[in-house]
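Have a look at the structure below, then the notes.
The values are calculated or read from the model by the stated rules, or taken from the named source; none is laboratory data. Computed from a prediction, not measured in an experiment: that's the story for all the values here. Neighbour counts are summed over all protein chains in view; Cβ atoms, including those assigned to glycine, are modelled from backbone coordinates with ideal geometry. All accessible areas refer to the heavy atoms of the entire protein, side chains included, with ligands and DNA or RNA removed. Shrake-Rupley method; radii C 1.70, N 1.55, O 1.52, S 1.80 Å.
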Amino acid sequence: MYNIVLFGPPGAGKGTQSEKLIEKYGLTHLSTGDLFRKHLGEGTELGVLAKKYMNEGRLVPDEVVIGMVEDKINETKNSTHGYIFDGFPRTTAQAEALDKMLAIHNLAISGMVALDVPQDVLKARIKERGKTSNRVDDQDEDKINTRIKVYLDETLPVADYYKKQNKLSKINGVGEIDQIFHSITSVINSYS
Ligand code: AMP
């Protein structure tokens, strides 16, 4: 059973690589961005709450995200071979909460795989995705810049959190999708 945190800035390729990883390892994809977009589409109370943060490129408050992830883990824990956490945790408080909720079920994070991509490449990728993604937050230069700034200020410390636990592996996130996938699977296959 693997529980993997796939980490990186917006536009790093987490969604693309997650799809390939769930296919290879039969894991449950837990993308908080996707879950929020689903709530938004369905017009739930949670979706309405998250919308203003998402559209501005800011983080949804920790307690809201943590509650949503807890529900998803409780729903799926008996039927899964493990999780790919994508876009979560995005703050140190979320990382601490994740460790606690996994420990309740006798689980732990196997490792964090961090995709390294330079800022100019990120911006170009997000703008390209914005042409087809219908995401308000992919289409506006200011919002893209806010998301990258939020990543640097609030999310990057999460890598240190896993580094201290000797669970951080960095991967070059620029290049062919299959080559990057190969690098990620080499890391995952080294987990005991
Ligand atoms: P993503 O698809 O992962 O880029 O997420 C899109 C947006 O959803 C983010 O810009 C945030 O507004 C919100 N979001 C997703 N995951 C989180 C999280 N773990 N913590 C706070 N906000 C989140």
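Laid out as a table, the results:
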quantity	calculated
Carbon and sulfur %, accessible surface of the chain computed with the full protein complex present, 1.4 Å	48 percent
Full-stretch length increase - Leu102, Asn134 - with 0.36 nm per residue and alpha-carbon distance subtracted	8.2 nm
Sites Lys170 and Asp71, calculated FRET efficiency, Cβ-Cβ separation with R0 25 Å, nearest 0.05	0.20
Span per principal axis, largest first, for the Cα atoms of the chain (Å)	43, 39, 30
Probe 1.4 Å, accessible area per residue of the chain, Å²	52 Å²
